Amino acid sequence: MFGKSINLFRLFGFQVQADMSWLILALLITWSLATGYFPFQYSHLSPAQYWGMGILGAIGLFGSLIFHELSHSLVARRFGIQMKGITLFIFGGVAHMEEEPPNPKSEFFMAIVGPLSSLVLALLLYGAMQGGKAVGWPEPASGIVGYLSFINVLLAIFNMVPAFPLDGGRVFRSALWAWTGDIHWATRLAARFGSGFGIILMVLGGFNFFTGNFVGGLWYALIGFFLYGAAGQTYQQMLVNRALHGESVRRFMSPDPVTVPPDLSVQSLVDDYLYRYLHDMFPVLDGTKVMGCVSKKHVGNLSRVEWPNKSVADIMEACSPEKTVQADRDAAKALAQMIKTRSSRLLVLEGDRLVGVIVLKDLLKYLSFRIDLEEMERAA
Ligand SMILES: [Zn+2]
């Protein structure tokens, strides 16, 4: 969510990451468990015991979220859907799909397994707590296990609300999709439920906040706000994927990109190219073969007095794979690459031959045009 995540470990071949926001959440959970929940439930323990329980409770919640997301990822893999990994962030976890599920059935199983796993885990933990009580576990131990059982039930219930993109919303979408065969319509309706539920949570949050439950109110509002945004975003994402489906980069590229020769002086690069075309980066070409890339940054590393004496070949670097894309690649993948690497343009290659350039602005213009037209058709 805040974009900065740390790699933790690999599990069944999936990379597990935690967003920085999760660390804040972990502290908040530990604190509220140690000073609120556990002292309220068990009144005669020491502060050290409450804090120990708080820390273990937060770790257990962390494990529960991973368990939940892992179940999604494993089922997805069974259906042959590429998964990138699992990221924990402030409101829970996300299992990253590289593509949309291919059919309603795969989406249904992929989505429902999450809440089911949480429910099963809750039952197991509940059994463990009862068993522990019977054999005389110390109170803090059964307290933590009991809390984790409770939180997994909550996790299952919250995720089953039919609000896309929550799991329940995905189950809902898969049913609509199976019923009509129209994923577009199904997503739109499920996403409306998602935004609607988001709004309800925000209103509920506001109400709680102004009637004195500040922290609870703030949480509702935050979750609602997040869900509202996510519903719209996933819907947009689906429209984009569909609009670009099966289209290659070649279709959107402009041929004859502006290139510079290697023996050009840096002075002319600045005067005749950088200031004229205002591109961040220029490919350096020898015939049709790309020798490297030169950008504003390379010029910036040089003192101005050296500009007339240095050539482009002196300062250029190999073009990073992030800045290039093969002509036959999927346009949706190219778009994802541009967004991820924050590039406004990519060089289009055929092998190592430069054949064009693909520009973010053009791609977005095409998308908004096409999506507008399709939405108009649907509304008519
Ligand atoms: Zn889930």
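Quick look at the numbers
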item	result
Failed condition for ASN241, given (1) surrounded by fewer than 16 Cβ atoms within 10 Å (Cβ to Cβ); (2) touching a strand residue (DSSP E or B) at 6+ places or on another chain (Cβ under 7 Å); (3) in a helix (DSSP H, G or I)	(2)
Residues of region 316-352 classified as surrounded by 13 or more Cβ atoms within 10 Å (Cβ to Cβ) and closer than 15 Å to ARG250 by Cα, total	17
Conditions (1) within 14 Å of the ligand (Cβ to nearest atom); (2) of a type outside the set (Asp, Glu); (3) open to solvent by 30 Å² or more (accessible area, probe 1.4 Å); (4) in contact (Cβ under 8 Å) with a residue 60 or more places away in the chain; number of the one not met by SER174	(3)
Any hit, region 300-310, residues being at pLDDT below 85, charged (D, E, K, R) and in the same structural domain as GLU350 (by TED's automatic domain parsing)	no
Qualifying positions in region 260-277 - outside any helix (DSSP H, G or I) and over 12 Å from VAL299 (Cα atoms)	VAL260, PRO261, PRO262, ASP263, LEU264
Any chance HIS72 is within 15 Å of the ligand (Cβ to nearest atom), at pLDDT 90 or above and under 20 Å from the mean Cα position of the chain (by Cα)	no
Conditions (1) free of Cβ contacts under 8 Å to residues at least 12 places away in the same chain; (2) closer than 30 Å to GLN82 by Cα; (3) touching a Phe, Trp or Tyr at 6+ places or on another chain (Cβ under 9 Å): number failed by LEU70	(1)
Hey, LYS105 away from the ligand (no atom under 12 Å from the Cβ), modelled with pLDDT of 70 or more and within 16 Å of the chain's Cα centre (by Cα) or not	no
Total residues in region 149-194, condition part of a helix (DSSP H, G or I), farther than 24 Å from LEU65 by Cβ and among the small types (Gly, Ala, Ser)	3
First in region 352-380 and without any contact (Cβ under 8 Å) to a residue 40 or more places away in the chain, second anywhere and in a strand (DSSP E or B), Cβ under 7 Å, 6 or more apart	LEU360/ARG345
Pair list, Cβ < 9 Å and 6+ apart or interchain, from region 118-129 residues that are within 8 Å of SER149 (Cα to Cα) to residues that are more than 16 Å from the ligand (Cβ to nearest atom) and open to solvent by 80 Å² or more (accessible area, probe 1.4 Å)	ALA122/PHE150; LEU125/PHE150; TYR126/PHE150
Top-ranked residue of region 298-315 - restricted to ones that are more than 23 Å from LEU349 (Cα to Cα) and touching a strand residue (DSSP E or B) at 6+ places or on another chain (Cβ under 9 Å), ranked as most open to solvent (accessible area, probe 1.4 Å)	ASN309
Test: ALA128 is surrounded by fewer than 22 Cβ atoms within 10 Å (Cβ to Cβ), part of a helix (DSSP H, G or I), within 16 Å of the ligand (Cβ to nearest atom) and of a type in the set (Gly, Ala, Ser)	no
Residues within region 1-40 that are open to solvent by 50 Å² or more (accessible area, probe 1.4 Å) and among the β-branched types (Val, Ile, Thr), tallied	3
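The values are calculated or read from the model by the stated rules, or taken from the named source; none is laboratory data. Keep in mind it's a predicted model, so treat the numbers as computed, not measured. In this analysis, Cβ positions are derived from the backbone assuming ideal geometry, glycine residues included, and neighbour counts consider all displayed protein chains. The accessibility values were calculated without ligands, DNA or RNA, using every heavy atom of the protein model including side chains. Shrake-Rupley method; radii C 1.70, N 1.55, O 1.52, S 1.80 Å.
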